[in-house]
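Peer 1: One structure coming up, written as structure tokens, with questions to follow.
Just so it is clear, none of the values below were taken in a lab; they were calculated from the coordinates. Computed from a predicted structure; not experimentally measured. Glycine also receives a Cβ, built like all others from the backbone with ideal geometry; neighbour counts cover every protein chain displayed.
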Amino acid sequence: MLPELEALLQLQRYDLKLMEAQRKRDEIPRRREALKAALDQAKAAHERAKKDLEHVRHERRAQEKEIEVVQSEGTKLERQLLDVKTNKEYQAMLHEIAALKSKRSDRETVVLEHFEKEEAIVAQAKQAEQRIAEEERKLKAGEAELEREGAALDQAIHSIKVDRDQVRPGIPAPLLARYDRLSGTRDAVAVAEVRKGACGACFKSLTPHAAQEMRRLDAVHQCEACGRILIWTEGSAA
């Protein structure tokens with residue numbers, strides 16, 4: 001194989017490694033934000049539970065005050081029964097007292113329902129608190145892990161760039177310029193190895209003559225379909 005082709009293939013491998021390492025490095029902020037978002041959601045759930053609990057308790061207290069008013073009115077009417085002069089007035093007052101007792105019973109039922117809601121919301125609030133603690137633990141551990149991962153990727157990126165920059169000077173300027181141009185327009189893949197008689201990037205089959213020419217490894221060839229630089233390697237015939 002021509003030295004420049006071998007260098008070109010090595011450059012492609014370095015660039016692909018660099019691209020993958022950089023992709024992982026670029027994902028770290030997003031992964032950190034995802035951890036923070038989970039904690040924010042847990043805190044928001046806890047705040048909703050607190051507000052719901054405050055609302056239900058306010059409603060219950062309002063019902064309890066209403067019960068006190070109804071009970072006071074009923075007690076007052078029961079005392080007035082002793083002063084009633086006619087049976088008609090007596091019966092009317094009994095009817096009014098019964099209505100107040102029914103109203104009080106309805107309010108007491110509502111109060112019990114509110115107590116049940118409070119218990120459920122208190123349980124939700126406790127679960128939210130537990131989730132907050134868990135998400136805080138995950139965030140702390142996750143940030144530490146991401147910090148280590150980022151440092152390792154930074155080191156790998158630097159190392160790959162050093163190795164890549166040592167290869168580039170060994171490639172003739174026109175060929176390197178073609179490589180750089182193709183890298184910018186072909187999903188960062190400018191060089192493709194021949195695989196089973198076809199371009200390893202776009203899978204377009206080579207003509208028998210083109211394949212025979214490439215086997216000689218004495219010239220630079222390109223894919224007639226995608227324009228990428230084609231290289232015949234030991235695995236191309238497989």
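Peer 1: Determine the relative contact order of segment 173-231: mean sequence separation of Cα pairs under 8 Å and six or more apart, normalised by residue count, in whole percent. Write down the numbers at each step before the final one.
Peer 2: Working: 63 pairs, mean separation 19.3, N = 59.
With pairs under 8 Å counted, the relative contact order is 33 percent.
Peer 1: Given the pairs Lys17/Lys196; Lys65/Lys126; Lys17/Lys161; Lys51/Lys103, which span a C-alpha to C-alpha distance of over 18 angstrom in this model? Each step should come with its number before you reach the end.
Peer 2: Numbers: Lys17/Lys196 24 Å; Lys65/Lys126 29 Å; Lys17/Lys161 10 Å; Lys51/Lys103 29 Å.
Listed pairs above 18 Å: Lys17/Lys196; Lys65/Lys126; Lys51/Lys103.
Peer 1: For Gln222, list long-range residues whose amide hydrogen, built 1.01 Å from N in the peptide plane, is under 5 Å from its own amide hydrogen.
Peer 2: HN-HN under 5 Å from Gln222: Leu230.
Peer 1: Against the globular-protein guess of 2.2 N^0.38 Å, express the Cα radius of gyration of segment 1-75 as a ratio, rounded to two decimals.
Peer 2: Values: Rg = 32.6 Å, N = 75, 2.2 N^0.38 = 11.3 Å.
For segment 1-75, the normalised Cα radius of gyration comes out at 2.87.
Peer 1: Which value in Å is the Kirkwood Rh of segment 173-231 over different Cα pairs?
Peer 2: Numbers: mean 1/r = 0.0868 Å⁻¹.
One decimal place: 11.5 Å for the Kirkwood radius.
Peer 1: Let me ask another. Would you be so kind as to identify which of Ala49, Leu35, Ile132 lies farthest towards the positive end of the dipole of segment 18-168, taking Lys and Arg as +1 and Asp and Glu as -1 on Cβ and the Cα centre as origin?
Peer 2: The residue sitting most towards the positive pole is Leu35.
Peer 1: Tally the DSSP beta bridges in the chain and give the antiparallel ones as a percent, rounded to 5. Kindly include the intermediate steps, with their values, before the conclusion.
Peer 2: Values: 5 of 8 bridges.
Around 60 percent antiparallel, to the nearest 5.
Peer 1: Above 25 Å lies some portion of the pair distances; for segment 121-238, what is it as a whole percent of all C-alpha pairs? Kindly include the intermediate steps, with their values, before the conclusion.
Peer 2: Numbers: 3588 of 6903 pairs.
Beyond 25 Å sits 52 percent of the P(r) for segment 121-238.
Peer 1: Moving on. Taking the Cα centre of the chain as the origin, how large is its charge dipole in debye, to the nearest 20, when only Lys and Arg (+1) and Asp and Glu (-1) carry charge on their Cβ atoms? Spell out each step's value before the answer.
Peer 2: On the way: 44 positive and 44 negative charges, 86 e Å.
The calculation lands at about 420 debye.
Peer 1: On the principal axes of its Cα set, how long, how wide and how thick is the chain? Give whole Å, largest value first.
Peer 2: 128, 38, 28
Peer 1: I need to check one value: relative contact order of the chain, counting alpha carbon pairs closer than 8 Å and at least 6 residues apart, in percent.
Peer 2: Values: 208 pairs, mean separation 71.1, N = 238.
Value for the chain: 30 percent.
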